[in-house]
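Heads up, the thing below is written out as structure tokens.
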Amino acid sequence: MKKKVLVVDDEDFQRELMQKLLSKLGYTVAVAESPEVALTLLETEEFPVIVTDLIMLDMDGVEFCRQIRESNMESIIIALTGHGELYDPEKLKNAGFDNHLSKPIRIDVIQQALEEGFEELKRRKAAPKTT
Ligand SMILES: [Mg+2]
């Protein structure tokens, strides 16, 4: 599986930082400055792992995640926020998030979460859900 990651964040600095760090780690990275832009991108391109900020204008990360799940996309979705205290982990899980991390970004933590995500996708592929 190609290790493609989509990063969604409304802050230029965060997007650039993530793009730099994740590229250095060997991932293929795309960035979007809003959920709207990301959803348009997802119409034509598949991303196994999506990392999204939570607090953004117009649409927050939770609503973004819900919309992705509504379209039945099976990507691993990881929340990344500087305000974890504002979000109940249970609420994030219910919205469809697979994982959540806090800013400031720690490179080892984000790498581990991404690798876990890709591993989880591999497991799912090997043992398809029987629903
Ligand atoms: Mg933000």
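Rule-based calculations on the coordinates, nothing more; no lab input. Because the structure is a prediction, the values reported are computed rather than measured. Because the Cβ atoms are built from the backbone with ideal geometry, glycine has one as well, and the counts that use them run over all protein chains shown.
Checking the Cα-Cα distances for Lys103/Lys125; Lys93/Lys125; Lys20/Lys93; Lys3/Lys91; Lys2/Lys125; Lys2/Lys91 against a 25 Å cut-off, the pairs over it are Lys103/Lys125; Lys20/Lys93; Lys3/Lys91; Lys2/Lys91. With the simple spin-label model, which puts each label point 7 Å out from Cα in the Cβ direction, the Asp12 to Lys122 separation comes to 3.9 nm. 3J(HN,Hα) along region 49-65, derived from phi through the Karplus expression 6.51 cos²θ - 1.76 cosθ + 1.60 where θ = phi - 60°, amounts to 10, 10, 10, 10, 4, 9, 8, 9, 5, 6, 9, 8, x, 5, 5, 4, 4 Hz, with x in place of Gly and Pro.
You can think of it this way: the chain between Asp58 and Ser23 has 9.8 nm of extra reach, that is 0.36 nm per residue less the Cα-Cα gap.
Charged neighbours of Val29, selected by a Cβ distance under 11 Å, balance to +4 (K, R count +1; D, E count -1).
Kirkwood hydrodynamic radius computed over region 4-126 comes to 14.3 Å, based on all pairs of distinct alpha carbons.
Distant-in-sequence amide contacts of Ser34, defined by a placed amide H-H separation under 5 Å and a gap of 5 or more residues or a different chain, comprise Asp9.
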